[in-house]
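The values are calculated or read from the model by the stated rules, or taken from the named source; none is laboratory data. Because the structure is predicted, anything quoted here is derived from the model rather than measured. Cβ: placed from backbone, ideal geometry, glycine included. Neighbour counts: every protein chain shown.
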Amino acid sequence: MARKKMTGKKLFLLYAYPCVKDACRDFLGKNYPKLNDKLRAKLDRIVENDEDPTAAFLAICFPVRVAQHLEYARANGLDPWAKKTVQMSWRYQHRNKGACSVFACAIVDHAKSTVSCKGKRFTTAEVMCGEKLLLVLNYYNLPLRNNLLVFVHQRVIIEIE
Ligand SMILES: [Zn+2]
């Protein structure tokens, strides 16, 4: 999908989305919050069509994470939906167990293999996160090269530095 101009709210969604989509559940593992079918369909449509979500919709889908994000912005006197604030919030404030943290990783092999998710093919990349080699999914079809620094959440590449 060719992406239009990135906004703070869109970027927030790209980071949060791998927590709910079931397209690649086998690849990504478990621990997904439950969303009803209607919300999930709307979420999928917004990501698929590269739309700008509203802050209210993000708060419905990701209440805990949005609350943390707003608190981070408030405490630091930042505009919560500025792209830079969203980047800082996810890259450096989001630390949970296992894959539910954001890691900065270097690409070792930008086209390691492909996987099929809901009838579409996606490339996987091998990345070095700290001392660990990980296989991650290029779900957003970003233009990857070896040695690039990328930010990974839930084993999905979200952003290129
Ligand atoms: Zn997470």
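Couple of notes before you dig in:
- Just so you know, in region 62-71 the residues that are more than 21 Å from GLU161 (Cβ to Cβ) and in a helix (DSSP H, G or I) include one that is nearest to the ligand (Cβ to nearest atom), and it is ARG65.
- Condition met for PHE122 (surrounded by 14 or more Cβ atoms within 10 Å (Cβ to Cβ), on the phi < 0 side of the Ramachandran plot and modelled with pLDDT under 95): yes
- For VAL108, the conditions (1) under 24 Å from LYS9 (Cβ atoms); (2) away from the ligand (no atom under 16 Å from the Cβ); (3) modelled with pLDDT of 95 or more are fulfilled apart from (1).
- Residue check for ASN146: at pLDDT 95 or above, more than 15 Å from the ligand (Cβ to nearest atom) and surrounded by fewer than 22 Cβ atoms within 10 Å (Cβ to Cβ): yes
- Tabulated pairs, region 42-56, first under 17 Å from LYS5 (Cα atoms), second surrounded by fewer than 18 Cβ atoms within 10 Å (Cβ to Cβ), C-beta under 6 angstrom, 6+ apart or interchain: ASP50/ARG3; ASP50/LYS4; ASP52/THR7
- Any chance THR85 is under 18 Å from the mean Cα position of the chain (by Cα), assigned by TED's automatic domain parsing to the domain that holds LEU14 and free of Cβ contacts under 8 Å to residues at least 60 places away in the same chain: no
- When each of GLN87, GLN93 is tested for being within 22 Å of LEU13 (Cα to Cα) and touching an Asp or Glu at 6+ places or on another chain (Cβ under 8 Å), the lone residue that passes is GLN87.
- Whether a residue is modelled with pLDDT under 90 and either part of a helix (DSSP H, G or I) or within 24 Å of ARG95 (Cα to Cα) (or both) was assessed, and ALA59 does not pass this test.
- Within region 72-95, the residues that satisfy the criterion of being surrounded by 13 or more Cβ atoms within 10 Å (Cβ to Cβ), within 16 Å of the ligand (Cβ to nearest atom) and not hydroxyl-bearing (Ser, Thr, Tyr) are VAL86, GLN87, MET88, TRP90, ARG91, GLN93, HIS94.
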